[in-house]
Amino acid sequence: MVAMGGCKMIVGLILMGCLLVNNGVDGANKKVDVGASFIFGDSLVDAGNNNYLSTLSKANLRPNGIDYTPSGGNPTGRFTNGRTIGDIVGEELGIPNHAVPFLDPNATGKSILYGVNYASGGGGILNATGRIFVNRLGMDVQVDFFNITRKQFDKILGPSKARDYISKKSIISITIGANDFLNNYLLPVLSIGARISQSPDSFIDDMIAHLKNQLTRLYQMDARKFVVGNVGPIGCIPYQKTINQLNEDQCVDLANKLALQYNAKLKDLLADLNKKLPASTFVYANVYDLVMDLIVNYDNYGFKTASRACCGNGGQFAGIIPCGPQSSLCTERSRHVFWDPYHPSEAANLIIAKKLLDGDHKYIFPLNLRQLRDL
């Protein structure tokens, strides 16, 4: 949430799985030839990994998941009322099942061929991020876990087919970075020493250097198609508005300025990797502008509020205490941009996913997700 919960802010990104459906599935005897969706990130796309950790960042409590059809409305560990952006994108691109959480005991054998989700609420690019939650999977650990999956693919498909499956048909989606600000650099209790000794420029350069290494490691394991979300307007989430006692139309300037500063360097990094890593495609998802448009023009999209959490408690925007059994719950879940103090609702995720799938260069560059799939 971001800011106190597992990661989020809408941050960046969102995106997620994609696969290429080359052959249909008409019956039990037909072979399915599709690519996999490999999802990395924080609580914006966590599908249940934190259920298996001793952590303070969890979403396996009602009413989380109340609109998630596959579970019959029961909580799955997703930090929203329904599907994440990754779930929705995968469905639109033809994936038959949502990517299974890596830590799920069922993430074995052929169940992983449609994709694996490594995302973890509270996780960040930097290993120190999210310490407040005790346990979480940072990006370095998530990449380590992909290495295990990569070897499993060799055993299931054989080395040659596995290499082609990963490099030509599968998509790596990464939604991370918000917690590095909200639950690291901007968290007073944990970061005061670091903030005295490290400037924003230095901290962001450190993030970019670590992410470059992480992306390069994935490339070395045959990943070739990447979509990387930038950090969203983290200063505009209900939690930030509540603790800073802002008005409905105000946001925390410092948090948003840090996000924009990071986003500019992220865009340059991806352009550089596109040039230096042969046969790679790194897509930049401009989640910041996409989500900001949703927040500013929420009524144009059919929402009644972009400030108040549907599920939460505390302050005028229900923005302090995470969603749980004792939380107040709105009656019109589809008309709230935010599900809880930190994360978007399924209704908002649907709009975000649509623009990532079919949008123009303002929101997704140099290709949208359908185009990336079809490369």
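Rounding to the nearest 20 debye, state how big the charge dipole of the range 37-374 is about its Cα centre with +1 on each Lys and Arg Cβ and -1 on each Asp and Glu Cβ. The partial results should precede the final answer.
On the way: 34 positive and 30 negative charges, 166 e Å.
I would put it at about 800 debye.
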Given charges at Cβ of Lys, Arg, Asp, Glu: the chain dipole, positive-most of His343, Ser37, Gly138 | Ser37
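What longest range of the chain stays clear of loop-exposed GluC sites (Glu not before Pro) (DSSP non-H/G/I/E/B, at most 13 other C-beta within 10 angstrom)?
On the way: sites that count: Glu248, Glu332.
Free of exposed loop sites, the longest segment is 1-247.
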Normalised by the number of residues in the range 37-374, what is the relative contact order in percent for Cα pairs under 8 Å and 6+ residues apart?
-> 17
Projected onto the charge dipole of the range 132-269 (+1 at Lys/Arg Cβ, -1 at Asp/Glu Cβ, origin at the Cα centre), which of Ile172, Leu187, Ser202 gives the Cα projection farthest towards the positive end?
-> Ile172
Name the residues whose placed amide hydrogens come within less than 5 Å of the amide hydrogen of Ala47, ignoring near sequence neighbours (fewer than 5 apart) on the same chain.
-> Ala119
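When the accessible area of the chain is split by element with a 1.4 Å probe, what percent falls to carbon and sulfur? Please list the in-between numbers first.
Values: 7390 of 14360 Å².
Answer for the chain: carbon and sulfur cover 51 percent of the accessible area.
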³J(HN,Hα) across the range 249-264 via Karplus (A = 6.51, B = -1.76, C = 1.60, θ = phi - 60°), whole Hz, x for Gly/Pro?
-> 9, 10, 9, 7, 4, 4, 4, 5, 5, 5, 4, 5, 5, 5, 4, 5
Alpha carbon centre of the range 73-105 versus the range 328-367: separation in Å?
-> 15
Positive-end extreme of charge dipole, the chain - chosen from Gly122, Gly72, Ala279 (charges on Cβ) | Ala279
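What share of the DSSP beta bridges in the chain is antiparallel, in percent to the nearest 5? Could you put the intermediate results ahead of the total?
On the way: 9 of 29 bridges.
Given both bridge residues lie in the chain, the antiparallel proportion sits at roughly 30 percent.
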Can you work out the accessible area per residue across the range 285-375, with the rest of the protein chains kept in place, probe 1.4 Å, in square angstrom?
-> 41
Ser170's amide H: which non-local residues (gap 5+, or another chain) put their own amide H closer than 5 Å, with H modeled 1.01 Å from N in plane and none for Pro or chain starts?
-> Ala36
Determine ³J(HN,Hα), in whole Hz, for all residues of the range 66-81 in sequence, where each value follows from phi through the Karplus function 6.51 cos²θ - 1.76 cosθ + 1.60 and θ = phi - 60°; x replaces Gly and Pro.
-> 4, 10, 8, 4, x, 9, x, x, 8, x, 10, x, 7, 8, 6, 7
Whole-Hz couplings from phi, Karplus 6.51/-1.76/1.60, listed for the range 323-328; x for Gly and Pro = 5, x, x, 8, 6, 6
Options (1) 0.91; (2) 1.07; (3) 1.01 for Cα Rg over 2.2 N^0.38 Å; the value derived from the coordinates is listed as (1)
To the nearest 10 degrees, the tilt of helix 346-358 (Cα long axis) against the first principal axis of the alpha carbons of the chain is 50
Most fluctuating residue given options Leu290, Leu254, Leu356, as computed from a GNM of the chain linking Cα atoms under 10 Å = Leu254
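The values are calculated or read from the model by the stated rules, or taken from the named source; none is laboratory data. In this text the structure is predicted, and so the values were computed from the model without any measurement. So basically every Cβ, Gly included, is an ideal-geometry build from the backbone, and we count neighbours across all protein chains shown. Accessible surface areas use protein heavy atoms only, side chains included; no ligands, DNA or RNA. Shrake-Rupley method; radii C 1.70, N 1.55, O 1.52, S 1.80 Å.
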